[in-house]
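The values are calculated or read from the model by the stated rules, or taken from the named source; none is laboratory data. Nothing here was measured: the structure is a model prediction, and the numbers come from that model. Reconstructed Cβ throughout: ideal geometry from the backbone, glycine too, with neighbour counts over all protein chains shown. Note: accessible area is taken over every heavy atom of the protein model, side chains too, but ligands, DNA and RNA are not part of it. Shrake-Rupley method; radii C 1.70, N 1.55, O 1.52, S 1.80 Å.
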Amino acid sequence: MSRGDMAKPLLGHRSTEGDPSITPAAGRTIGVLGSGDFARSLAIRLVCSGFKVVVGSRNPKRKASLFPSAAEVTFQAEAVKKTDVIFVAVFREHYSTLCDLADVLAGKILVDVSNNTEINHHKESNAEYLASLFPACTVVKGFNVISAWTLQSGARDGNKQVPICSNNQEAKRTVAEIAQIMGFTPVDMGCMSSACEIENIPLRLLPAWKIPIFLALGLFLCFFTYNLIRQVIHPFIREQKNKLYKIPIEVVNTTLPCVSYVMLSLVYLPGVLAACSQLYYGTKYRRFPDWLDQWLQHRKQIGLLSFFCAALHAVYSLCLPMRRSHRYLLIETAVKQAVEKKMNIWVEEEVWRMEIYISVGIIALGLLSLLAITSLPSIANSLNWREFSFIQSTLGFIALVISTLHTLTYGWSRAFDENQYKFYLPPTYTLTLLVPCTVIIAKVIFSLPCIQHRLLRIRRGWEKGRYVKFVLPSATGEYSSGETSSNV
């Protein structure tokens, strides 16, 4: 980035007039200790947000060209004297080099932006360690979850939250004010004991995706093995035919829709189990088991993986006619028909089945695409709760029903053909129908007025066996109190 580009504003100044807890602070001087990539990006963002920036470096003359011209680059001691808020953009192992500045740092607010290389690498967090080295300073943990690239490009891809913690409320308020003016969303994480958790955030690799990914891989391996036995091993043992060429495309393409279909049903199955639990116990205040609670929290990731498998299935299906093996089989079939002098091979039932099968599959994929798009935070934030619930719940259930029709039209009457039971194993699609059909039947039962009304009452706070006080007038005109069970 050229020096001219550094001077250009990345984001317009964010108005703070609507928030009484945040007062404008642009124009104040902010210090940055360090001259690495993050310190440089931080200085650029602070300058573009309207702050005066002074950078403290051990070699200011050599590092000055790396920073925007609006930022003052000087020695560390001089930079500390010119500001009360200082971003410490150095690694933990270099904190001790700042001990010579302890006297001039006394009473200052130090913002620790460092991270570790491993989760819980040290017994105490970097921020707590920094606070122990400088007890006369107020340390605030923050900005460690923001990358140098984000600082330069701006928070353009949705809200960028900045977790902040400190034992001093006024210091947290000051840093939160700076973060908001820079275009980020400060999140108060409490006292300094939360610093360790904040420092672990950037080190976690898709923590909410681990269980759904392992679930998808497990289903894929199970269905892949099942299809491999039916499509490759069975013809080799029974007919001595080599069908290994089916593994890369055909077997995988048979497996992907199975995984997608079952994963989609697993999005709505925990809701069915939760409703059954509420109906059985007659209350919404009883805590769900931990496994069900975790299942409910991972529904978004499970749904996105379902869409991913469905999209791959569509691509694989489009590529089926491109295979060399398909062309050879097509020519072989044409030659056999010519030898047998078959002029008309049109089968009306098969034609209609495939037309309906493909059409319903396209609709199902379109609905899954809509569900996936509305799962994105930037899209979900633009919808109110009723709109989001309608798309994710109602349209999602419709997508499950249409996917079931897609599966049934694919199978058609094959479930009743004994030749389809290879090694006495039923066709794969019949296995995939078990969980989705269970969910659909349960949803239909819950939609019955008697059950739907009871479930709605429970979710509005009604409890089975709870006694409610009431007041009735007596024969003398006086009022007497009594009790009745709410389930009467």
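What the table shows:
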read-out	value
Interchain or long-range residues, amide H under 5 Å from Phe87's placed H	Gly31, Val32, Leu33, Val111
Relative contact order of region 228-336, defined on C-alpha pairs under 8 angstrom at six or more residues apart (%)	30
Charge dipole (debye, nearest 20) of the chain; +1 at Cβ of Lys and Arg, -1 at Cβ of Asp and Glu	720
Rounded Å value of the spacing that divides the Cα centres of region 73-89 and region 264-278	56
Two-site FRET efficiency, Trp412 against Lys210, from Cβ-Cβ distance with R₀ of 56 Å, rounded to 0.05	0.90
Accessible solvent surface per residue of region 29-203, calculated while the other protein chains remain in place, 1.4 angstrom probe, Å²	43
DSSP-assigned coil residues among trypsin sites (Lys or Arg not before Pro) in region 117-178, each with at most 16 further Cβ atoms within 10 Å	Lys123, Arg156
Residue-span extension gain [Glu332 to Asn419] - 0.36 nm each, minus C-alpha spacing	29.1 nm
Trypsin sites (Lys or Arg not before Pro) within region 328-368, DSSP loop, no more than 12 other Cβ atoms inside 10 Å	Lys341, Lys342
At least 27 Å along the helix axis (C-alpha) and Kyte average at least 0.0, DSSP helices within the chain	252-281, 299-319, 348-374
Nitroxide proxy distance, nm - points 7 Å out along Cα→Cβ at Leu221 and Lys61	6.3
Portion, in percent, of the accessible area of the chain that falls on carbon or sulfur, probe 1.4 Å	61
Chymotrypsin sites (Phe, Trp or Tyr not before Pro) lying in DSSP loop within region 240-306, provided at most 14 other Cβ fall within 10 Å	Tyr285
Taking the chain and dividing mean pair separation by its residue count, relative contact order in percent (alpha carbons under 8 Å, at least six apart)	11
Dipole magnitude (debye, nearest 20) for region 29-203, charges at Cβ of Lys, Arg, Asp, Glu	600
Residue pairs, from the table Lys300/Lys422; Lys422/Lys443; Lys241/Lys342; Lys160/Lys210, whose Cα atoms sit over 28 Å apart	Lys300/Lys422; Lys422/Lys443
Proximal aspartates and glutamates relative to Lys81, as straight alpha-carbon distance under 12 Å, when same-chain residues fewer than 8 apart are discounted	Asp103
Entry for Rg/Rh (Cα atoms, Kirkwood Rh) (calculated from the structure that is shown) out of (i) 1.13; (ii) 1.00; (iii) 0.96	(i)
Partners for Lys108 among aspartates and glutamates (Cα-Cα distance below 17 Å; same-chain residues under 8 apart left out)	Glu78, Asp84, Asp100, Glu128, Glu170, Glu177
